[in-house]
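We did not get these values from a lab; they are worked out from the coordinates using the rules stated. Given the structure is predicted, the values throughout are model-derived calculations rather than measurements. Ideal geometry is used to build each Cβ from the backbone, glycine not excepted, and the neighbour counts take in all protein chains shown.
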Amino acid sequence: MTISVADYARECAAQGLRGDYSVCRADFTVAQGYKYSAEEQAVWRTLCDRQTKLTQRLAHRSYLDGVATLGLLDKIPDFDAISEKLRKLTGWEIVAVPGLIPAGPFFDHLANRRFPVTNWLRTRQELDYIVEPDMFHDFFGHVPILTQPVFADFMQMYGAKAEDMIALGGDEMITRLYWYSAEYGLIQEAGQPLKAFGAGLMSSFTELQFAVESKDAHHVPFNLETVMRTGYEIDKFQRAYFVLPSFDALRDAFASGDLAGIIARFKGQPALDPATV
Ligand SMILES: C[C@H](O)[C@H](O)[C@H]1CNc2nc(N)[nH]c(=O)c2N1
Ligand SMILES: N[C@@H](Cc1ccccc1)C(=O)O
Ligand SMILES: [Fe+2]
């Protein structure tokens, strides 16, 4: 782990991130501290109700299978209770964090089958889109697929590989790969309609529709090297969405692609502009 909690806390405060990083443990986790107001519970239900209507239509089957396995989403989740369920299904658990955490510790959690979930929720003014990950994004977007064995294994492999790539100086490039697949990936299987896969889309009412249905969304066939070279911004709609032909294509690219070679050739070079890839 390269950055200390204290330094990261200062950086986040400077950037205006909302979480309270002063109470983090060394691995950036905190206690969930389950005490949410009636208003927060109401916002949670509203978010789940309206987003579920969209995901039924626009999300890839793997995600929807996960939602079915997870079961009721009628109140803000108790992380310990969910962890107990996940441990039985796929050996994963969820841990509470104050918000965005650095890539190193984030991937270290994944490599150990722990998924970091933010412990605070967006407000009613941010139902459609929020610029930093909150509990709705982390939970509703990422946790369902962790109930599915194939994806559960893949996410762990992601964490483990990412740590190796960070050691080679590939921090930015491996993060882009995570970004354009786990967060904003689309899938179009042969003869099927375009579907959303990434968690950043699952949790945004406006961006999910934009990414899948808008003529203005820039869809690019998934290519490992291009993805690892393309820059991104976290606080606006993405200017490129990479489209996988199948989930297996992602797993194969990850398992047998020459990640280390790509990092050696392109690290430190300016990022490609997502608008023109
Ligand atoms: C690895 C990459 O930087 C990625 O965006 C990570 C970083 N830290 C995170 N931290 C939290 N809490 N949630 C996330 O989804 C992520 N994503
Ligand atoms: N924009 C996402 C949240 C998010 C922010 C940053 C990174 C990933 C996801 C949403 O509205 O749900
Ligand atoms: Fe995320």
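What is the sum of charges, Lys and Arg at +1 and Asp and Glu at -1, for the other residues whose Cβ falls under 12 Å from the Cβ of Leu177?
Around Leu177, the charge tally is -1.
Exposure proxy check: Asp258, Asp128 ranked by fewest other beta carbons within 10 Å?
Fewest-to-most Cβ neighbours within 10 Å comes out as Asp258, Asp128.
Using DSSP, restrict attention to beta bridges with both residues in the stretch 5-276 and report what percent are antiparallel, rounded to the nearest 5.
Here the share of antiparallel DSSP bridges comes out near 20 percent.
Enumerate the helices in the chain for which the Kyte-Doolittle hydropathy averages -0.5 or more and the C-alpha atoms extend at least 27 Å along the helix's axis, using complete DSSP H runs.
What comes out of the filter, once short or polar helices are dropped, is 149-167.
Treat every Asp and Glu Cβ in the chain as -1 and every Lys and Arg Cβ as +1, leave all other atoms uncharged, and give the resulting dipole magnitude about the Cα centre to the nearest 20 debye.
380
Once the other residues with Cβ under 14 Å from the Cβ of Ser214 are scored (Lys, Arg +1; Asp, Glu -1), what is the net sum?
Combined, the nearby Lys, Arg, Asp and Glu give -1.
At a 10 angstrom cut-off on C-beta neighbours, averaged per residue, how do the peptides 11-23, 97-109, 242-254 rank from highest to lowest?
Ranked from most to least packed, the peptides come out as 97-109, 242-254, 11-23.
Considering the options Val5, Ile166, Gln51, tell which one lies farthest towards the positive end of the dipole of the chain, charges being +1 on Lys and Arg and -1 on Asp and Glu at the Cβ, about the Cα centre.
Highest projection toward the positive end goes to Gln51.
In whole percent, what relative contact order does the stretch 151-277 give with Cα contacts below 8 Å and a gap of six or more residues?
Worked out over the stretch 151-277, it gives 29 percent.
What is the ratio of the Cα radius of gyration of the chain to 2.2 N^0.38 Å, with N the residue count, to two decimals?
Cα Rg divided by the expected 2.2 N^0.38 Å: 0.95.
For the stretch 5-276, calculate the relative contact order in percent as a whole number, restricting contacts to Cα pairs under 8 Å that are 6 or more residues apart.
Computed over the stretch 5-276, the figure is 18 percent.
Suppose we keep just the DSSP beta bridges with both residues in the stretch 119-277; what percent of those would be antiparallel, to 5?
Taking every DSSP beta bridge with both residues in the stretch 119-277, the antiparallel ones total about 25 percent.
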